[in-house]
Amino acid sequence: MNAVIADPAIGPQLSTRTVHKRARAPRSALPGFGLSLGFSVVYLSLLVLLPLAAVFLRAAGLGLDGLWRALATERVLHALALSFGGAATAAAINAVFGGLVAWTFVRYEFPAKRWFHALVDLPFALPTAVAGIALTTLYSEHGWLGAPLAKLGIKVAYTPLGIVVAMVFIGLPFVVRTLEPVLSEAEAQFEEAAATLGATRWQTIVHVIAPTVLPALMTGAALAFARAVGEYGSIIFIAGNVQKVSEIAPLLIMIRLDEFDYAGATALAASMLVLSFGVLLAINLLQAWSRRRG
Amino acid sequence: MADVYRSSIGEPTAVRRVLIGTTLLFLVAFLLLPLVVVFTQAFAKGLGPVLTALADADTLASIRLTLLAAAIAVPLNTFFGIAAAWAVAKFEFRGKSLLVTLIDLPFSVSPVIAGMVFVLLFGAHGWFGPWLAAHGVKIVFALPGIVLATTFVTVPFVARELIPLMQAQGTDEELAALSLGASGWRTFWHVTLPNIRWGLLYGVLLCNARAMGEFGAVSVVSGHIRGLTNTMPLEIELLYNDAGALNAAFAVAALLALLGFVTLVAKNFLEWRHGDELAALRGH
Amino acid sequence: MDITIRGLEKRYADASALSGIDLDIASGELLALLGPSGSGKTTLLRAIAGLEPVEGSIRFGDIDAANLTVQERRVGFVFQHYALFKHMTVLDNVTFGLRMRGGGGRMPHEEIRRRGRELLDLVQLGGLERRYPNQLSGGQRQRVALARALAIEPRVLLLDEPFGALDTKVRRELRAWLRQLHDETGYTTVFVTHDEREAAELADRVVVMNRGRIEQLAA
């Protein structure tokens, strides 16, 4: 090739063509593309893709009949409703309180702010089993929070309410951490403009600030939702685990596996995955739509 | 940004105070109290019982198993994370977003399902079950299964931290090194690695915390055999469900909570000292 | 609306942004605040709007501005980078001030939209009501910001480097157009600029500022 370019008799055309060909081959001068990509793909395929494919293949192998039989029971439907409904409720609560927390951190100063800010990441760093027993102890009838609530007639531990509380615990950091950068990027001039035009502070928050952070809020809530739906360790202790009352879907999968009812477990797992995926897709579309408007 | 609020258009002071108060109350009640409860329960009868509980043979075995599983899973996923980040951040190729989605997949899968997939593959009635039984290989209900499950759930951690970081850093320095005659490996070692070291540490910390704390996935593949296939989280569950061993359960929990606390402190320290580099790593 | 400013002061830890500012602005006047960066001209403008807490007195006619919140001052402020609300249409941006009025001051919905369209015609952007700010050129956004400020029938129109972010040709066109608009509507107008020629061309009177003080008042 070098000879071709160096030979003046052949002229520029060939040499440019040759140069083009050469430039297209490596994607970058950096080495290691093949190796790194190859390894990554193989690793992921073996460790993640294949095992997950096994779930769907197995579920598909049941046929529609088999799937129906495995899923169309009161117990399964209730577990799914509890997991998804509880996660949605917790995500909504986190949207409100997480928004409040993020706002306070971004906009205000107060003592020990650093420490509280770090605290928000706790559910992320704390092992789920530890969180599970801690929350249960806290909200049981003799617990620091459970006792006063019991006096008000509110029972948290071993009820669906306890499940929601645990889901709020694990979902909070997602909302706060997703909102913070968006809130801190918000520029004063928009709020000043609204004020000069006569908008009260509340109107400014509702009409000017909130729409700007809504996509981030939805993302955070969606992440919290996705996490809460599949969560096991933090919830299993505080939930009553009574079937059709306080039994979450992951627990039911576990029970089916213990019974060697692989069909039942697979069917439930596959439907959980499909449902979660559907919800997340819907939220993504919603976000894309809202982003197009602004 | 706080300047707006010392100026003329912010919320009235009273409103601000209420919001701050509510936030702090919420955070203390929902986040701080659970952490505190672990330690007060553990040390309710003093230091002695805690040490006794931790010195118990089965508990020590669970600690060893947890450390072992993490010692395998974390380096594997670190290696993977670096490789994946190198491919994604330094090159352009079709299917890149598919790859990134795949990397994130274990994040969106319930831990119970994560464990279940390995039972489906290697369990007694699994795809490879009969073959494994015939060859006397135990995966499920043994260490290999636990390692697999732990590795599965912690796949994304290092990669997710490194990818945006390396993308933000671009390829200029590496190209410069190459042009000066350095080989690929040397370039990585002397140029890339120093640039990503804090993000890498951050990712490894999170990966480790999750690996040691994983409960759901391991619960499915472990046999819950005390002294053999119980990791620390499983040991906590076992002790907790035993009416007389509540204190011991919290003792082990306190140990893991300490890990969580250290991870939290280290994470915030890294963010504080190296905030600019890690600014790309928002929103896990 | 006459504006009377006496003894305005604003001090930061290490420097004075404004020192002893005395200024009379006549009703219907088009006044330029001219000076280099750091001269305090923008600070003065923002002080009139109430966006900058200051010592000293500002009076709108008989009313002492100290008794008025930013919302109550009814100043039309046009920011240097327009600060248009990205998630609202052009019409919603322009009618924002009218829509936010509570209680008795609020006009019926249809009336508000009509006023908005009138203003858009005034700034020669008729027909662009449904567009979003990111679909407009710099010059168009500038005019929307102006229309939005005019919608509330301000006591005074304040413009912070109104043409700073635009290229020369557009700047020249808008300059002439702004002068014409001012003559048509008659609002008291104060604008901030660092461009001498712009100040001279546009304004009835030029106030030169430097380091927080007024150096010259030239007609």
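In chain A, taking the dipole from charged Cβ atoms about the Cα centre, the farthest positive-side position among A:Ala270, A:Ala70, A:Ile255 is held by A:Ala270.
Secondary structure note: in chain C, about 50% of the DSSP beta bridges are antiparallel.
Our note on the geometry: Cα centres of the stretch B:90-106 and the stretch A:84-113, 31 Å apart.
Can you compute log10 of I(q)/I(0) for the stretch C:174-219 with the Debye formula, treating each Cα as one identical point scatterer, at q = 0.20, 0.23 Å⁻¹? So the normalised log intensities work out to -0.69, -0.86. What's the whole-number percent of alpha carbon pairs in the stretch C:120-185 lying beyond 14 angstrom? More than 14 Å apart: 60 percent of the Cα pairs in the stretch C:120-185. Computed from the alpha carbon atoms alone, the convex hull of the stretch A:121-195 holds 136 Å³ per residue. Report the net charge of residues surrounding B:Gly260, where surrounding means a beta-carbon distance below 12 angstrom and charges are Lys +1, Arg +1, Asp -1, Glu -1. Cβ neighbours under 12 Å give a net charge of +1. The mean number of Cβ atoms from other chains found within 10 Å of a Cβ in peptide B:206-216 is 4, as a whole number.
A simple charge model with +1 on the Cβ of Lys and Arg, -1 on the Cβ of Asp and Glu and nothing else charged puts the dipole of chain A at about 700 debye relative to its Cα centre. Restricting to the protein assembly as shown, what percent of DSSP beta bridges are antiparallel, rounded to 5? Given both bridge residues lie in the protein assembly as shown, the antiparallel proportion sits at roughly 50 percent. In terms of other Cβ atoms within 10 Å, B:Ile225, C:Ile58 run from fewest to most in the order B:Ile225, C:Ile58. Each principal axis of the Cα cloud of the stretch B:48-201 was taken in turn, and the coordinate range along them, longest first, works out to 56, 47, 29 Å. Among the residues of C:75-85, the average count of other protein chain beta-carbon atoms within 10 Å of the residue beta-carbon is 4.
Computed over chain C, the percent of Cα pairs more than 29 Å apart is 25. In order along the stretch C:152-157, the phi-based Karplus estimate (6.51 cos²θ - 1.76 cosθ + 1.60, θ = phi - 60°) of 3J(HN,Hα) comes to 8, 6, x, 5, 8, 9 Hz; Gly and Pro are listed as x. Our summary of shape: the Cα atoms of the stretch C:83-154 have principal axis extents of 37, 22, 21 Å, ordered from largest down, in whole angstrom.
First select every other residue whose beta carbon is under 12 angstrom from the beta carbon of B:Val15; then total the charges, Lys and Arg +1, Asp and Glu -1. Residues close to B:Val15 contribute a combined charge of +3. Taking a span of 30 Å or more along the helix axis (Cα atoms) and a mean Kyte-Doolittle hydropathy of at least 1.6 as the rule, no DSSP H helix of chain B qualifies. A Cβ-based charge dipole, computed about the Cα centre of the stretch C:90-172 with Lys and Arg at +1 and Asp and Glu at -1, lands at about 60 debye. With a 10 Å cut-off around each Cβ of B:101-111, the average count of Cβ atoms from other chains is 6. Placing unit charges on each Cβ (+1 for Lys and Arg, -1 for Asp and Glu) gives chain C a dipole about its Cα centre, and among C:Val156, C:Thr95, C:Val207 the Cα reaching farthest toward its positive end belongs to C:Thr95.
Using the Cβ of A:Gly86 as centre and a radius below 13 Å, the other residues enclosed give a net charge of -1, where K and R count +1 and D and E count -1. Taking the alpha carbon gyration tensor of the stretch B:113-164, multiplying each eigenvalue by 5 and rooting it gives semi-axes of 28, 10, 8 Å, largest first. The spacing between the stretch C:1-79 and the stretch A:216-231, judged by their C-alpha centroids, is 48 Å. Per the Kirkwood formula applied to alpha carbons, the protein assembly as shown shows a radius of gyration over Rh ratio, Rg over Rh, of 1.06. For chain A, the Kirkwood hydrodynamic radius comes to 23.3 Å, computed from all pairs of different C-alpha atoms. Projecting the Cα positions of B:Ala84, B:Phe39, B:Leu162 onto the charge dipole of the protein assembly as shown (unit charges on Cβ atoms of Lys, Arg, Asp and Glu, taken about the Cα centre) puts B:Ala84 furthest along the positive direction.
The amide H of C:Gln80, built 1.01 Å from its N in the peptide plane, has C:Asp160 as neighbours under 5 Å, considering only residues 5 or more places off or on other chains. Straight Cα distances below 25 angstrom link B:Lys267 to the lysines A:Lys113, with same-chain residues fewer than 8 positions distant left out. Note on the stretch A:240-288: Cα-only Rg and Dmax are 13.9, 43 Å.
If eta is 0.692 mPa s and T is 37 °C, what Stokes-Einstein diffusion coefficient results for the stretch C:7-114, Kirkwood Rh from Cα pairs, in µm²/s?
The estimated diffusion coefficient comes to 201 µm²/s.
What percent do you get for the relative contact order of the stretch B:1-152 when only Cα pairs under 8 Å and 6+ apart count?
Relative contact order here is 20 percent.
Helix A:210-230 and the longest principal axis of the Cα set of chain A meet at an angle near 70°.
List the aspartates and glutamates whose Cα lies under 13 Å from the Cα of A:Lys244, skipping any in the same chain that are fewer than 8 positions away. Filter leaves A:Glu74. Pair-distance distribution of chain B: all C-alpha pairs, bin width 10 Å, starting at 0; shares per bin in whole percent are 6, 21, 26, 23, 16, 6, 1, 0. Using a Gaussian network model on chain A with a 10 Å cutoff between Cα atoms, which of A:Pro181, A:Pro123, A:Pro173 fluctuates the most? In this elastic network of chain A, the residue with the biggest mean-square fluctuation among A:Pro181, A:Pro123, A:Pro173 is A:Pro181. Our note on the geometry: Cα centres of the stretch C:165-185 and the stretch B:22-78, 69 Å apart.
Sort the following peptides by mean Cβ neighbour count (other Cβ atoms within 10 Å, averaged over residues), highest first: B:176-183, A:183-190.
Descending mean neighbour count gives A:183-190, B:176-183.
Since every read-out is calculated from the coordinates, none of them should be taken as a lab result. Worth saying up front: this structure is predicted, and the values here are computed from it rather than measured. Backbone-built Cβ (ideal geometry, glycine too); neighbour counts: all protein chains shown.
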